[in-house]
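What follows is a set of notes on a single structure, which appears directly below.
Rule-based calculations on the coordinates, nothing more; no lab input. Just so it is clear, the model here is predicted, and its values are computed rather than measured. Don't worry about glycine lacking a Cβ; one is built from the backbone with ideal geometry, like all the others, and counts go over all protein chains shown.
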Amino acid sequence: MIQLGYVVQCGVRSVNTCRGLTVLIQSAVADPASLEANIEDWLLHFRSETLAELNEVQFEEFKESVARNLEEPPKTLHQEASSIWPEIVEGTQRWRHTIDLADTVRNLGLEELVELFDERLAVGGRLRRKVVSHHASQADHARATRAAELAVD
């Protein structure tokens, strides 16, 4: 396994009432297109190995751990404000959102999770919507422009 970047993050992103998986890689060793290809490979690998091999006992343990984390009361004012601010901004005002989400997690079936992944996250998923943003430094952009100009000559 190669190191793709010095910042690698994955999480849930909310924009208005839409939720999505977000993956961010900041790298000095790989170009944006290859990083995107690595993310797609990771999703394929996750589906074919991690999800496919997950048994009911493991799944129940994971669900319970996630639910307990969601039910953990905020320890700081910042944590508390961070949990309710999206409800204010989005106008949903679901003040018990994390508690309700914990209940939903506990009631989720393994087949439902796999179906959700296949429909919305997997490469070629019927309901998958992908938005990609590639950014490069000014120096990288200048190098790519020079290389393209040399290739034309």
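Per-structure values
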quantity	calculated
Ranked 50, 22, criterion: other C-beta atoms within 10 Å, fewest first	50, 22
Charge sum, other residues only, whose C-beta stays under 13 Å from residue 101's C-beta, Lys/Arg counted +1 and Asp/Glu -1	+1
Whole-Hz ³J(HN,Hα) from phi, Karplus 6.51 cos²θ - 1.76 cosθ + 1.60, for the stretch 33-39, glycine and proline x	5, 6, 5, 4, 4, 5, 5
For the stretch 48-153: Kirkwood Rh in Å [reciprocal of mean 1/r, alpha carbons]	18.2
Virtual spin-label span in nm between residue 19 and residue 103, 7 Å along Cα→Cβ	1.5
Helix-only [θ]222 nm of the chain, DSSP H runs n ≥ 4, -39500 (n - 2.57) each, per residue, nearest 500	-17000 deg cm²/dmol
Built amide H within the under 5 Å cut-off of residue 21, gap 5+	13
Residue-span extension gain [residue 93 to residue 128] - 0.36 nm each, minus C-alpha spacing	9.9 nm
Exposure rule at most 15 other beta-carbon atoms within 10 Å, DSSP loop chymotrypsin sites (Phe, Trp or Tyr not before Pro): the chain longest free segment	7-94
Sequence of 135, 45, 97 once ranked by neighbouring C-beta atoms within 10 Å, starting from the fewest	135, 45, 97
Helix 77-90 vs. the chain, principal-axis angle (Cα, 0 to 90°, nearest 10)	80
The chain: angle of helix 138-152 to the longest principal axis, Cα-based, in degrees nearest 10	50
